[in-house]
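Right, one structure below, let's go through it.
Laboratory data are not the source of any read-out in this text; all were calculated from the coordinates shown. No experiment lies behind these values; they were computed from the predicted model shown. So basically every Cβ, Gly included, is an ideal-geometry build from the backbone, and we count neighbours across all protein chains shown.
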């Protein structure tokens, strides 16, 4: 299942904060491992904010949530992640099938 994961900074956790910087390298290492294993398929930063947007491939939302909860910045309550399950778009078949 494809899942869109959108990071959101929690109040008072600013990217420049000392606590954030303490965990940034461990966070990057964990994300890289997820990328190498195929869980994270795509990884972006929003252009308008310093927040990540991920495309995940997981069995279901529960697996995605469980994996992302192991991220150091999530564990430290510096960020939260909204998960959105995605499905293929069926509109063309409805419009153009005979």
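Taking a spot 7 Å from the Cα of residue 10 along the direction of its beta carbon, which residues of the stretch 51-89 have an amide N less than 18 Å from it?
Counting backbone N atoms under 18 Å from the label point, the list is 51-52, 65-83.
Consider the candidate values (i) 6.2; (ii) 7.9; (iii) 7.1; state which one is mean projected area of the Cα convex hull in nm² computed from the structure displayed.
(ii)
Please state the relative contact order of the stretch 2-96 as a whole percent: Cα pairs under 8 Å, 6+ residues apart?
The value is 45 percent.
Helix-derived [θ] at 222 nm for the chain: sum -39500 (n - 2.57) over DSSP H runs of at least 4, divide by residue count, nearest 500?
When only DSSP H runs of four or more count, the value is -11000 deg cm²/dmol.
Can you give the extra length, in nm with one decimal, that the chain gains between residue 93 and residue 75 once fully stretched, where that is 0.36 nm per residue apart less the Cα-Cα distance?
Roughly 2.2 nm would be gained on extension.
What's the extension gain from residue 33 to residue 49 if we count 0.36 nm per residue and subtract their Cα-Cα distance?
3.4 nm
Could you identify which residue out of 48, 82, 60 has the top mean-square fluctuation in a GNM of the chain using Cα springs shorter than 10 Å?
48
Multiply the residue gap between residue 17 and residue 65 by 0.36 nm, knock off their C-alpha separation, and tell me the result in nm, one decimal place.
So the extension gain works out to 14.8 nm.
What residue among 57, 76, 18 has the largest mean-square fluctuation in a Gaussian network model of the chain, using Cα springs under 10 Å?
Result: 18 has the largest fluctuation of those listed.
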